[in-house]
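To keep things clear, I will list the structure first and then write my remarks on it.
The values are calculated or read from the model by the stated rules, or taken from the named source; none is laboratory data. Since we're looking at a predicted model, the values are computed, not measured. Ideal geometry is used to build each Cβ from the backbone, glycine not excepted, and the neighbour counts take in all protein chains shown. Surface areas here come from the heavy atoms of the whole protein model, side chains and all, with no ligands, DNA or RNA. Shrake-Rupley method; radii C 1.70, N 1.55, O 1.52, S 1.80 Å.
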Amino acid sequence: MGVDFMHEISGAQAVVETLRQEHVKYVFGMPGGANLPIYDALLDSGIRHILARHEQSAAHMADAFGRVTGRAGVCMGTSGPGATNLVTGIATAYADSSPVVAITGQVPKAMTGRNAFQETDVIGVMTPITKYSIQPLSAEEIPSGIKKAFYIATSGRPGPVLVDIPKDVQQEVRDIPFPESVEVRGYRPYVEVDPLAVERAAEMLVKAEKPLIMGGGGIRISNAYEPFQAVSELLMAPVITTLQGKGSFPEGHPLCLGPIGMHGRAESNKLVSECDLLMAVGVRFSDRSTGTFSEFCKQAKIIHIDADPSEFNKNKQVDLYIRGDANQVLTKVYNALARRISRRSDSNPWLARIAQVREEMKSIPAYTDYDSELSGPKIVRKMREVLPPQTILTTGVGRHQMWCEIHWRVLKPRTWITSTGLGTMGFGLPAAIGAKVAKPDVPVVDFDGDGSFMMTENSLGTAVDEKIPIVSIIVNDRSLGMVEQWQRLMYNRRFSGVKFGNSPDFVKLAEAYGASAKRVTTLEEFGKALKEGISLDSPAVIDVPVSSEEDVFPFMPPGKSIKETVVGPPKEMAIF
Amino acid sequence: MTALKILSVLVENKPGTLFRVTHMIRLMRLNIEGLTCGVTNGGDRSRITMTVNGDDATLDFLAKQLSKVIDVYEAQTYSPEEVTARELALIKLNLSSVSHLDDRRLQGARIVETSDRSITIEVIGSPAEIDRFIHRFDSTQILELARTGTTAVPKG
Ligand SMILES: Cc1ncc(C[n+]2csc(CCOP(=O)(O)OP(=O)(O)O)c2C)c(N)n1
């Protein structure tokens with residue numbers, strides 16, 4: 001293992017040099033007293049710094065960059081408030097297993113623990129929401145520390161890693177070693193796939209008469225799209241996904257049923273209780289996906305494939321689990337299947353049943369019954385008509401996100417970027433910026449709620465100044481719509497703290513930032529504005545006023561089982 | 001059903017590791033009844049041994065979560081019967097309460113310090129033996145008491 005030395009350089013220069021060695025081209029952040037040396041070194045580095053308006057947004061940008069590319073996104077903040085502002089963004093990345101390296105400045109070592117100006121124990125604050133944290137205590141430790149951060153953030157089950165660097169360490173001038181590669185003792189992100197388990201899985205899959213396959217975020221993380229699709233097609237087994245796994249299988253494919261969960265597709269929520277075998281890949285059986293754990297898919301045998309062994313039997317007892325990288329495991333499972341069977345026929349009782357349920361569900365109120373010209377489902381479908389397949393869609397959190405879950409079709413890998421584990425309002429716009437930086441050649445659209453948008457709207461300043469042409473669509477119901485829905489359905493229409501007034505005027509707000517902006521009142525206008533928006537080389541905002549009374553269905557109420565999914569507005573209260 | 005369990009965690013011997021480990025235990029809302037920590041052979045690793053009260057499922061899950069912590073090599077839970085466990089107690093007794101140094105209640109202990117008003121003894125044994133030893137005295141006779149908490153290795 002080679003080690004190169006750079007002579008007489010500062011710790012801050014070592015930070016930047018290590019980033020270059022890790023092929024980092026962009027960092028998102030904000031400077032301050034404790035990271036000034038790093039910012040000074042950045043200036044001569046060739047690395048582009050994108051100035052956020054709030055460190056939370058910088059973290060979301062880095063997170064989305066990571067989700068789109070699979071490489072760690074980098075964000076930076078100063079000590080104290082800079083670091084604490086990163087917290088929501090880092091927790092969001094942690095909850096969705098997204099690779100991020102966060103670099104914070106820290107007060108000089110000699111001031112540590114003395115309540116120095118802008119001192120926060122950021123490692124203490126972030127330990128529960130990071131995969132690891134590293135604090136180099138001398139400049140010599142910087143390259144190996146940062147390389148470890150990248151390795152840990154991107155390997156196994158990815159996650160954010162914090163590197164907290166005291167200012168005096170950034171300023172030390174030394175001969176600094178740059179190891180070619182690093183090792184983290186005791187950390188084994190990859191294991192040999194158990195060949196016997198693979199054979200058993202193949203046996204179970206071949207025997208199953210009503211197999212169903214479930215894809216989660218792990219498919220994206222390990223780029224397992226191809227073997228995932230191959231296994232499904234070989235078995236002719238239909239596919240459901242989690243919300244994070246949406247798009248792990250092309251959503252236009254005849255075998256794709258779509259997401260399950262609190263606002264999953266009705267077909268998926270129904271059929272998961274009818275299969276006799278569920279093979280779940282890269283999922284964690286979160287309560288938002290499964291409803292009551294004990295009722296979920298209890299009639300079936302379950303195979304669980306995941307990189308993280310602590311997920312096995314955590315929420316759901318399974319019959320067989322296989323630890324490993326989804327891509328590797330699925331490739332082996334495919335080979336084991338291909339030795340046993342050839343491509344199954346597309347006519348059998350299970351597929352007939354699937355077709356029947358699909359037909360029945362076509363007419364549920366959730367899919368057909370919305371009165372207004374601009375209702376969520378219609379907007380989302382219009383959007384799919386207008387936007388090319390490779391478009392990356394990001395979202396805020398709320399009803400608008402759930403309309404996408406149900407009605408948006410993800411056609412290409414890594415084009416669906418949304419906060420599911422933490423459900424962080426304010427994710428959409430900065431995530432769109434991070435995604436556009438990663439993929440400047442594809443359209444990037446933030447489909448947002450007014451409440452979510454307002455949380456990080458100042459990122460428009462970043463988009464305009466840095467010339468990052470994204471489009472934000474604001475589904476503007478002047479309300480925290482999702483919460484309003486819960487209050488309507490579960491709190492007897494007692495609306496508490498959910499209604500906004502008329503402030504702000506989003507068109508004027510966007511224009512004040514220098515973005516182009518339109519308010520639309522018909523679907524046709526919306527379609528036109530969107531087409532125009534993605535053709536611009538500057539950011540655009542489309543304000544879409546909607547009624548706050550159109551709720552999102554299907555809906556599996558919290559604390560209920562997936563069999564109690566409600567498929568239409570409460571006047572119908574139609575359950576399966 | 002909750003019961004006392006021994007949690008044995010082999011970790012990297014460096015700053016912050018104990019914090020990462022105890023954070024997970026706090027997250028699972030468990031109380032640490034006893035905790036010992038010391039370097040193991042080689043010196044660059046430490047073994048943390050904790051006694052916690054919890055149900056099997058919670059502790060299994062905790063061990064899996066701990067195994068995931070980057071600086072943790074391995075984490076295992078054991079029931080008390082599965083390990084050889086030892087604990088040390090230092091007990092400072094009011095001298096007036098032990099009339100003579102061959103008091104039968106001192107049997108099994110080692111006298112490690114005496115002064116004109118107190119006598120400090122050391123007892124080593126399984127946690128239950130230590131409990132029983134302490135019960136030989138009433139609380140007015142004990143001036144101070146310190147127990148190390150259990151350290152343990154699996155049997156066999
Ligand atoms: C940071 C944050 N605060 C609060 C919530 C709770 N919450 C979930 S959805 C929601 C309403 C979102 O409103 P909006 O963004 O306008 O979307 P809509 O539901 O109207 O489509 C709220 C407040 C959250 N998810 N994130």
- Exactly one of A:I406, A:I364 is modelled with pLDDT under 95 and either touching a Pro at 6+ places or on another chain (Cβ under 9 Å) or open to solvent by less than 10 Å² (accessible area, probe 1.4 Å) (or both), and that one is A:I364
- Note on the structure: Scanning segment A:477-488 for residues that are more than 8 Å from the ligand (Cβ to nearest atom) and either farther than 21 Å from A:K560 by Cβ or open to solvent by 50 Å² or more (accessible area, probe 1.4 Å) (or both) gives A:R478, A:W486
- Message: When the residues of segment A:275-323 are narrowed to those that are of a type in the set (S, T, N, Q) and under 24 Å from the mean Cα position of the chain (by Cα), which ends up farthest from the other protein chains (Cβ to nearest Cβ)?
- Response: A:S289
- Task: Just give me the residues in segment A:93-108 being open to solvent by 20 Å² or more (accessible area, probe 1.4 Å) and more than 13 Å from chain B (Cβ to nearest Cβ), in sequence order.
- Result: A:A95, A:P108
- Being in contact with a Pro (Cβ under 6 Å, 6 or more places away or on another chain) and in a strand (DSSP E or B) narrows B:E74, B:E87 down to just B:E87
- Item | A:T415 of a type in the set (S, T, Y), away from the ligand (no atom under 13 Å from the Cβ) and open to solvent by less than 30 Å² (accessible area, probe 1.4 Å) | yes
- Task: Report whether or not B:L59 is touching a residue at least 24 places away in the same chain (Cβ under 8 Å), under 23 Å from B:S126 (Cβ atoms), in a strand (DSSP E or B) and within 14 Å of chain A (Cβ to nearest Cβ).
- Result: no
- Failed condition for A:I468, given (1) more than 11 Å from the ligand (Cβ to nearest atom); (2) in contact (Cβ under 8 Å) with a residue 12 or more places away in the chain; (3) touching a strand residue (DSSP E or B) at 6+ places or on another chain (Cβ under 9 Å); (4) not in a loop (DSSP other than H, G, I, E, B): (4)
- Task: State which residue is farthest from the ligand (Cβ to nearest atom) when the search covers only segment A:489-526 and only residues that are open to solvent by less than 30 Å² (accessible area, probe 1.4 Å) and closer than 28 Å to A:V567 by Cβ.
- Result: A:F526
- Do we have any residue at all in segment A:440-452 that's farther than 30 Å from A:F249 by Cα and not acidic (D, E)? yes
- Note on the structure: Quick count over segment A:327-370, residues being touching a residue at least 12 places away in the same chain (Cβ under 8 Å) and more than 30 Å from A:E203 (Cα to Cα), is 7
- How many residues does segment A:421-457 contain that are more than 11 Å from the ligand (Cβ to nearest atom) and not in a helix (DSSP H, G or I)? 10
- Query: Within segment A:11-24, restricting attention to residues that are open to solvent by 20 Å² or more (accessible area, probe 1.4 Å) and not charged (D, E, K, R), which residue is farthest from A:T69 (Cα to Cα)?
  - Reply: A:Q13
- Item | Residue that is farthest from A:V437 (Cα to Cα) [pool: residues in segment A:25-46 that are open to solvent by 20 Å² or more (accessible area, probe 1.4 Å) and free of Cβ contacts under 8 Å to residues at least 60 places away in the same chain] | A:D40
- Message: For segment B:1-23: of the residues being within 11 Å of another protein chain (Cβ to nearest Cβ) and part of a helix (DSSP H, G or I), which is farthest from B:C37 (Cα to Cα)?
- Response: B:H23
- Message: Checking the condition within 30 Å of A:F28 (Cβ to Cβ) and of a type in the set (S, T, N, Q), which residue from A:N476, A:N492 passes?
- Response: A:N476
